[in-house]
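Participant: One structure, pasted below without further comment.
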Amino acid sequence: MDPTQLAAWVGDARERSLALVADLAGDQLIGPRLTVVNPLLWEIGHVAWFQEKWALREGLGHSPLRADGDLLWDSSAVAHETRWDLPLPSLADTKAYMRDVRERVVQRLSGGDVTTSLLYLILYTVFHEDMHDEAFTYTRQTLGYPGSPPVDAALAANDDGGPLAGDAAVPGGTFQLGSSPEEPFVFDNEKWAHPVHLAPYAIARAPVTQREFEAFVDDGGYLRRELWSQSGWAWRTAAGAGEPVYWRRAEGSWQRRDFYRWVPLEPHRPVIHVNWYEAEAYCAWAGRRLPTEAEWEAAASSEPASSGAGESDHKRRFPWGDHLPTPERANLDARRGGCVDVGALAAGDSAFGCRQMTGNVWEWVADDFLPYPGFVPDMYRDYSQPWFGTHKVLRGGCWATRSRLLRNTWRNFYPPDRRDVWAGFRTCPL
Ligand SMILES: [Fe+2]
C-alpha cells in the first residue's frame, strides 16, 4: 500500500463521515434508542477514536488525545444501550477531535519510513470507517431522515436497466472458498481459501426484484404458515409483519419509504430491507432456494475451463475480472444515492452471466456465519468472533458500500431478523 494513497483514503473516509451528518442537528444527532442504530453523534466520534486507538496509540505509541476517549467510544466496553446516556462532547468538539486524529495520521503517512504494520493498522481504520459510513446511510433510512445526496448526480438519474430473467448454469467441481494469501489485505473471516466440492447448479442472473416480491406479498405470503420455517414464523408473528418493513398500501398500490419520502415501487429494482426469514419464505413460495455461500462465491469468481469442461483454476477478484470496480460495472460508493434496476450494468457480469454480484444490494445466502478452517482472530478480536453462529452471511456489497472495501471473497454478516440494512437476495432453482 502506497502511503500517499492511504493518506488520501484517510482524508476521504473522514470527509464522507462528516458529510453524512452535515445537515443534521440537535436531536437528530442523538435519535431514538433502538437496538439497530447508534446515536450518530456517538458514532462519528467512535470512528475517530478507533483510528486514534489503533493507528496512533497501538501503532505509534502515542498517549491518548482525550482522557475520556475510552470511556466514551470503545464499542467493546461501552454497552450499546448506554450510548444515549454518555456525556458526549458537543458536535463542534467531536468534529475537532475527528480532524485532529485525521491530521496526525495523515502527517505521519507523509513523514516517510512507514512500516508495513503501521500501514496495515491505518488501512484497517479506514475500512472500519467505511463500514460505519454505510451504517450512517441505513441509520438515515431507519430514522426517516433525508437520503444522503448522490455523490454523482449525473449517474443517479441513469438506472433504467429493466429486469433480467433467467438462471446461469455453473458447472461445479472443487472450488477454493475464501481469500488467498496473495491478497494484500483481508479480514480474519476470509482466511484462508480452502477446497469445497460443489455439484453442478444454477443461480439467478439477478437478485429478486420489487415486482417479484410484490407477487409473494399479494399472494398472502406473509400469512401462509407453510412457507415459513419455525424460527421465521416466530419472528413474523412477533413482529406482526405482513409486508416488507418500509412498504405501505396507499390508494390500491404498494409504496416504499425511500428515506423520508414515499415512492411507488420501482418494479425492476431489487427488493431491499428484507431479512433472512423473509428471503427464506419467498424462496419456499417461489419453489426455489437461497444459494450457499460457496455457490455464491463460485458464481461470482470462477470461469469456465478453456477445455470447455468444468471450471478453470483462475479465481477472479471481481465478477468481471481482476480490475477494480468502475461506475459502469458496479453501483457502489453512494454515487447514485440508491439502487438501480437489476438489468443495469451488464459490463459487470460474471463469467457465467450473473449481474451485479458486486454492488447495488447485499445478498443474503443460506449459510450461518461461521469461521473457515484454521480461523485466527485479527488484532481487533471483536470483528468476527463474537458473531459466529448467530448471524447469517451476506455477499456482494450495496450501493452505499465503498468500492475499496470489496472483493468477491468479502463476507458481511447480520442476524437473520435485521430488516434495516441494505439487504436483498438472489435465488437458485431447487
Ligand atoms: Fe466500530
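Participant: Do any chymotrypsin sites (Phe, Trp or Tyr not before Pro) in the range 253-351 lie in a DSSP loop with no more than 13 other beta carbon atoms within 10 Å, and if so, which?
Facilitator: Answer in residue order: Tyr260.
Participant: Follow-up question, since we're still on this one. Quick check: at a probe of 1.4 Å, how many percent of the accessible area of the range 39-148 sits on carbon and sulfur atoms?
Facilitator: The nonpolar share, carbon plus sulfur, comes to 52 percent.
Participant: With a probe of 1.4 Å, find how much accessible area the chain has per residue, and write the answer as a whole number in Å².
Facilitator: I get 40 Å² per residue for the chain.
Participant: Which one of His268, Ser301, Pro195 has its Cα pushed farthest toward the positive end of the charge dipole of the range 169-301, where Lys and Arg give +1 and Asp and Glu give -1 at the Cβ?
Facilitator: His268
Participant: Nothing charged except the Cβ atoms of Lys and Arg (+1) and of Asp and Glu (-1): what's the magnitude of the dipole of the chain about its Cα centre? Round to the nearest 20 debye.
Facilitator: With Lys and Arg at +1 and Asp and Glu at -1, about 400 debye.
Participant: With just the Cα atoms defining each centre, how far is the range 212-238 from the range 57-127? Give it in Å.
Facilitator: 44 Å
Participant: Can I ask one more? Starting from the range 323-430, pick out the trypsin sites (Lys or Arg not before Pro) whose DSSP state is loop and whose Cβ has at most 16 other Cβ atoms within 10 Å.
Facilitator: Details: sites: Arg329, Arg335, Arg336, Arg355, Arg381, Lys392, Arg395, Arg402, Arg404, Arg407, Arg411, Arg418, Arg419, Arg426; in loops: Arg329, Arg335, Arg336, Arg355, Arg381, Arg402, Arg407, Arg411, Arg418, Arg419, Arg426.
Answer by residue number: Arg381.
Participant: A follow-up question, please. Rounded, prolate or oblate: which fits the range 277-319, taking a ≥ b ≥ c as square roots of the Cα gyration tensor eigenvalues, rounded meaning a/c under 1.5, else prolate when a/b beats b/c?
Facilitator: prolate
Participant: On to the next question. Amide H to amide H, which residues 5 or more places from Arg402 or on other chains are under 5 Å from it, using H placed in the peptide plane?
Facilitator: Distant-sequence amide H within range of Arg402: Asp333.
Participant: If you find the alpha carbon centre of the range 22-56 and of the range 255-296, how far apart are they in angstrom?
Facilitator: Comparing the Cα centres of the range 22-56 and the range 255-296, I get a distance of 29 Å.
Participant: Quick one: work out Rg over Rh on the C-alpha atoms of the range 1-99, Rh as Kirkwood radius.
Facilitator: Rg/Rh for the range 1-99 comes to 0.97.
Participant: Right, here's the next one. Using a/c under 1.5 as the rounded threshold, could you call the range 212-358 rounded, prolate or oblate? The axes a ≥ b ≥ c are square roots of the C-alpha gyration tensor eigenvalues, and prolate needs a/b larger than b/c, oblate otherwise.
Facilitator: Because a/c hits 1.5 or more and a/b fails to exceed b/c, the range 212-358 counts as oblate.
Participant: So which lysines pass the test for Lys315, namely a Cα distance under 23 Å, with those fewer than 8 places away in the same chain ruled out?
Facilitator: Lys191
Participant: Can you pull the percent of the range 312-374's accessible area that's carbon plus sulfur, 1.4 Å probe, other chains left in place?
Facilitator: Details: 1080 of 2080 Å².
Roughly 52 percent of what the probe reaches on the range 312-374 is carbon or sulfur.
Participant: A follow-up question, please. Return one quarter of the surface area of the convex hull spanned by the alpha-carbon atoms of the chain, equal to its mean projected area, in nm². Could the numbers behind the result be given before it?
Facilitator: Working: hull surface 83.7 nm².
That works out to 20.9 nm².
Participant: Rounded to the nearest 500, what is the 222 nm mean residue ellipticity of the chain from helices alone, with -39500 (n - 2.57) per DSSP H run of 4+ residues and division by all residues?
Facilitator: Mean residue ellipticity at 222 nm (helix-derived): -9000 deg cm²/dmol.
The values are calculated or read from the model by the stated rules, or taken from the named source; none is laboratory data. Predicted model, so just to flag it, every value in this text is computed and none were measured. Note: ideal-geometry Cβ built from the backbone for every residue, glycine included; neighbour counts use all protein chains shown. The protein model used for the area step is the full one, side chains on, heavy atoms only, and it has no ligands, DNA or RNA in it. Shrake-Rupley method; radii C 1.70, N 1.55, O 1.52, S 1.80 Å.
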